[in-house]
Structures are given as C-alpha cells and as structure tokens.
Amino acid sequence: MKQLNLSEWLLTQLNLGKFPARMPNHRRVYEAIRRAITEQVLPSGARLPSTRSLSEDLNVSRNTILAAFEQLLDEGYVAAQTGSGTYVNYNQPEDFGKANHQPINKSAGKTILENAANNVLSQRGLAAIHKLGDYQFGHEVQPFTPTEDDYSRFPLALWRRLLNRQWRAINPTLLDSSHDGGYLPLRKAIADYLRVSRAVNLTVDQVLITSGTQQSIDLCARLLADHNDIAWVENPCYWAARRVLEINGLKLHAVPVDAEGMAPSTKDFRIKPKLIYTSPSHQYPKGMVMSYGRRRLLLDYAQNSNAWIIEDDYDSEFRFEGRPISSLQGMDTHGRVLYLGTFSKVMYPGIRLGYVVVPPQLVDDFKSGLYELQRPGQVVIQAAMADFIEEGHFVSHIRRLKQTYSERRRLLQAALAPVAEAGARLSPVDSGLHLVVEFDANIDDVKIAELAAEQGLRVYPLSNYCLGEYREKGLIIGYAYAATEHITHYGNVLADVIQTALRK
Ligand SMILES: Cc1ncc(COP(=O)(O)O)c(C=O)c1O
C-alpha cells in the first residue's frame, strides 16, 4: 500500500467497529497500525506518514498518534530514524515466533508465509511451520499471556556476578562444546535437587543438559521413534510438544484427560504407542494431577508394550498448596520414563537450559545422540547455573517467585469469580503459572480470546490445544507475568469481556 491511502485504510479499520467502545483512542490507532503491519498491508521498510498528517487525517489529537507510535516503537514494529521519519521494521516481533504464531486476521485465509512455504519446504518443514489451529496470536507478551513468567523479578545483578566469576577464572574446557551430557557440577546439582524435591530416582550420570524441554522432546523423538510411529499425547495438550513430535514424523493419538489425568481406555490401549507424552504433576493446560492408579496403569502399560513415557515436569516448582507431588519417574521400576525439566520458568525463557533424566540403559546412547544432533555448548552458562543452585539462590528465588505468583493467582481468581454467574467454570488451581476458565461446548472461545486481545489482554483459547473433532472450550490465562498491582484491574476487564460475551 502506498503511504497516500494508509490513512484511509486506518480510518476504515477504526470505523468498522472492530474495537470496543471503551478502548482508548491511542490503543485503537496502535492496533490498527499494528494490524496493517502484521497483515502486510504496510510492508517492511515502508515509511509511516508523519504524526501531524495522521492526526489530521484520522481526526484525533497528535498526542494520541504519538502514544500509538511510542508503543509500536517499544514493541519493535517500527523504528524511528532521526530526521527522516518512522519506518516499518524489517524484523517484526512476530518473526521471532513465526513457526507457531500467525497474524490475528483469519479472513485472509492462508498467510503469505504458508504460501511461500508450500513451494519450497519439505514435509517436515511444513509440519514445523504450519498453523497450529484456526487462531494464534502474535508473540507479543501482554498481561495474562500463558506460560510467561515474570523475568523482571530475576536477580540480574547476582546472575551477572556469577557469570563474571566464571569468565574471570575461565577454564579452557568451558569454551568447548559439551561432549558428555553437560557440565558435570550442574548435572550433580540438578540430580541432588531432583532427588530431594521431586523424588526422582537417579544417578548423576542419567542427567543430560539440553537447551530446554523443546530440545529434550526432540531428542527423545529422534532417538527413540521412527517415522509413522505413534505418540500418545494428552487431549488437550501442550502445543509445542505436539508440534515437535509431529515434525519428527510421529502420528499423534489423542488420549482424553479426566480429573485423574491421562485416561486411556481399551480403545486407546489397542493403538500401541512408541512414545507417551504426559505432564502428570500438573497437566498442561488443564492443571489436574495424575492419580496414583493412573500412574501405575501407565507405567505397567509402557513396560508391557515397550513404550517410553516422556514426563514433562515443567512447572512443579510452583506448588502453592498441598503436599509436593512426586514425579512419575520416581515410581518407575522398569526404566521406561524419561523425565524432563526446564529452567525457562524459574530463571528466564531465553536461558535455554533444561535437562532430561534418561533411564540407565539409555545413558550412553543419549549422550552420543545429544552430541551428534545438538552439539550442545554454553558451558559457561551451565557453570554459572551450577553455582546458582549450589549456593542456594535457586531455592530462595523459587521461594520468592512462589509468594508472588500465589498472590497474583489469588487476585486473579477473585477478579474472575463473577464469570461463574454467566455460566463459566473457573478450574481449581493449586500450582503453576496459569488457570483455565471453562465454557460450555457451544461457546466460541476463539472469539472471546479475540475480544480480550482488543483490550490488550492475551489469553489463549482452550480449543486450540485440543485434537480431533470435539474441542473443549475455555480460556487459558497466565497470571505470572502481569504486575501484582495490575492484576485486579486486568482481571476485572477480562471478567467483563467474558461475561458480556457469554450473555449475548
Ligand atoms: C507444558 C510445558 N512444558 C515445557 C515448557 C518449557 O519449555 P522450554 O524449556 O522449551 O522453554 C513450557 C513452557 O511454556 C510448557 O508450557
């Protein structure tokens, strides 16, 4: 689009009634321009009209335009060049999450990305980037974005000190890639932590450092399964796990969950899996804990059918009430469980450090496989992480975060309580970083998530996490990221959006 008619396009957007009446003007203008960028109405490198001319064309104050521009600048959609204006950035925030996050607009059908990809990518490549569901938001983090933790609380000064200490006394081996499953003191520290806090049954040798859960699942899939093997996944399921299994050519078989966690029936048992992906301590996204009976059932079934269980223990550090839940791995006497943990939640997501605890008989093969497939490194960071744990900072940081998140959860639960009057159900939540509001089957949860997005609140529709015909409806709402003093306000806005939508 030429600059000349950008104002017209924006005016159309603003007049289409796409934005709720209560949305402030600067926010509408911001949204309209952001959409122009994400939908590629405004291409990379395009120059935006001046704030003065936009304010005249759109008939809003110049401060309104300035506030909208400021937010676009802050979020990286545009860049300002002194003296020559404001331009659409070449690297959009969405670009960082292209594989899974598409622009909000659904009406355009296939995106440019998909069209381009159809011509050049392999089947595996297409599986990696194809749209997850009907609807995905951009990667921009906003209040209530599920799975985001509050890394502004991270003790940066301390972390810098630990890193500097390692760099100052640098040992040349720390500059090499890691050949033997990762930096030994870190593996020891993790083993000690898991033995005590998660009742994981292990020796240090079984702990391998990866660059996060995503890479751990990838490693398990590549080393243990072949193309067209079957992977059981929970339904609903963590989308990134689903995605990486599919990329590796596995066929997904969705097993329903009930109040006791993954609930396979006789029908499911006939579909023999090579891998079973599960989150027994806190099912993602619905939050239930797998019962003792189900754990036994799953372990026995895995043993009898030669399947491997991938246990994703992604946020068990944040248990607010009740006794700690032991790992499934700790009950496994046959060596069928691969236990996965991550530092994304407690430290910060970009640290890209996680671990997989493999059964003893797989240790050597996994060490070689890890080295051949991922060439792991970042040993200096691993060394600082070992110090962080050994010196007690890890446990005290978890303690502090737990207090904060528990308070945010309480405030959000209170703010959302009124949605029950409109027929929504707030699922109980005693751990983790998110909660789920469930709706009746006839409700369009995608629409409600879109309405929330128009208020600057990023919640995810539960239906997008479901496989198959029947999709549960609800919203997944993260409470870890938004500041404590804002939770009640945002929660009230969201409750309002939900109630209004359900009463229509
Ligand atoms: C269910 C689940 N598992 C694992 C992770 C962490 O993944 P990673 O270690 O790849 O950051 C997340 C993060 O959001 C998650 O929601």
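The values are calculated or read from the model by the stated rules, or taken from the named source; none is laboratory data. Quantities reported herein were computed from a predicted structural model and do not represent experimental measurements. Neighbour counts run over all protein chains shown; Cβ positions are idealised from the backbone, glycine included.
Is it the case that the stretch 60-70 has a residue that's outside the structural domain of Y490 (by TED's automatic domain parsing), outside any helix (DSSP H, G or I) and without any contact (Cβ under 8 Å) to a residue 60 or more places away in the chain?
yes
State yes or no: is D218 in contact with a Leu (Cβ under 9 Å, 6 or more places away or on another chain) and either modelled with pLDDT under 95 or among the acidic types (D, E) (or both)? Full working, then the answer.
Numbers: in contact with a Leu (Cβ under 9 Å, 6 or more places away or on another chain): yes; either modelled with pLDDT under 95 or among the acidic types (D, E) (or both): yes.
When the stated conditions are applied, D218 passes them.
Of L297, L275, which residue is surrounded by 23 or more Cβ atoms within 10 Å (Cβ to Cβ), away from the ligand (no atom under 11 Å from the Cβ) and either closer than 21 Å to S327 by Cβ or at pLDDT 95 or above (or both)?
On inspection, the qualifying residue turns out to be L275.
Condition check: within 16 Å of the ligand (Cβ to nearest atom) and part of a loop (DSSP other than H, G, I, E, B). Does S281 satisfy that?
Numbers: within 16 Å of the ligand (Cβ to nearest atom): yes; part of a loop (DSSP other than H, G, I, E, B): yes.
Judged against the criteria, S281 is a match.
What about E311, is it at negative phi and assigned to a strand (DSSP E or B)?
yes
Please count how many residues of the stretch 301-335 are loosely packed, with under 15 Cβ neighbours inside 10 Å and touching a helix residue (DSSP H, G or I) at 6+ places or on another chain (Cβ under 9 Å).
Restricting attention to the stretch 301-335, the residues satisfying the condition of being loosely packed, with under 15 Cβ neighbours inside 10 Å are 304-306, 321-324, 333-334.
Among the residues that remain, those that are also touching a helix residue (DSSP H, G or I) at 6+ places or on another chain (Cβ under 9 Å) are: 305, 321, 324, 333-334.
So the count comes out to 5.
Among the residues of the stretch 420-448, what is the count of those that are outside any strand (DSSP E or B), under 23 Å from the mean Cα position of the chain (by Cα) and among the hydrophobic types (A, V, I, L, M, F, W, C)?
4
Can you name the residue in the stretch 22-69 that is over 31 Å from the mean Cα position of the chain (by Cα) and aliphatic (A, V, I, L, M) and is also surrounded by the fewest Cβ atoms within 10 Å (Cβ to Cβ) among such residues?
Taking the stretch 22-69 first, the residues over 31 Å from the mean Cα position of the chain (by Cα) are 46-66.
In the following step, the residues that additionally are aliphatic (A, V, I, L, M) were identified as 46, 48, 54, 58, 60, 65-66.
Values: A46: 18, L48: 23, L54: 22, L58: 20, V60: 17, I65: 26, L66: 15.
Taking the candidates together, the pick is L66.
Is there a residue in the stretch 264-287 that is touching a Ser or Thr at 6+ places or on another chain (Cβ under 7 Å), over 18 Å from S216 (Cα atoms) and among the hydrophobic types (A, V, I, L, M, F, W, C)?
no
Pairs needed: first member in the stretch 201-220, assigned by TED's automatic domain parsing to the domain that holds D313 and more than 12 Å from the ligand (Cβ to nearest atom); second member anywhere, outside any strand (DSSP E or B) and of a type in the set (V, I, T); C-beta distance under 7 Å; at least 6 residues apart or different chains.
Here the result reads D205/V363; Q206/V358; Q206/V363; V207/I190; L208/V358, each pair linking the stretch 201-220 to a residue that is outside any strand (DSSP E or B) and of a type in the set (V, I, T).
Would you call S316 assigned to a loop (DSSP other than H, G, I, E, B), modelled with pLDDT of 95 or more, hydroxyl-bearing (S, T, Y) and within 16 Å of the ligand (Cβ to nearest atom)?
Details: assigned to a loop (DSSP other than H, G, I, E, B): yes; modelled with pLDDT of 95 or more: no; hydroxyl-bearing (S, T, Y): yes; within 16 Å of the ligand (Cβ to nearest atom): yes.
Spelling it out, it is not the case that S316 is assigned to a loop (DSSP other than H, G, I, E, B), modelled with pLDDT of 95 or more, hydroxyl-bearing (S, T, Y) and within 16 Å of the ligand (Cβ to nearest atom).
Quick one: which of Y405, Y371 is of a type in the set (F, W, Y) and under 28 Å from L156 (Cα atoms)?
Y405
Here's the yes/no breakdown for (1) among the aliphatic types (A, V, I, L, M); (2) surrounded by 21 or more Cβ atoms within 10 Å (Cβ to Cβ); (3) within 23 Å of L223 (Cα to Cα):
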position	(1), (2), (3)
G354	no, yes, yes
L362	yes, no, yes
Y371	no, no, yes
R375	no, no, yes
T404	no, no, no
Q413	no, no, no
R425	no, no, no
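Any residue that is among the polar types (S, T, N, Q), surrounded by fewer than 23 Cβ atoms within 10 Å (Cβ to Cβ) and in a loop (DSSP other than H, G, I, E, B) - is there at least one of those in the stretch 449-462?
The answer is yes; a qualifying residue exists.
So that you can scan it fast, the table gives a plain yes or no per residue for (1) assigned by TED's automatic domain parsing to the domain that holds A191; (2) touching a residue at least 24 places away in the same chain (Cβ under 8 Å); (3) within 16 Å of the ligand (Cβ to nearest atom):
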{"site": "T342", "(1), (2), (3)": "yes, yes, yes"}
{"site": "V358", "(1), (2), (3)": "yes, yes, no"}
{"site": "L362", "(1), (2), (3)": "yes, yes, no"}
{"site": "S368", "(1), (2), (3)": "yes, no, no"}
{"site": "Y371", "(1), (2), (3)": "yes, yes, no"}
{"site": "G377", "(1), (2), (3)": "yes, yes, no"}
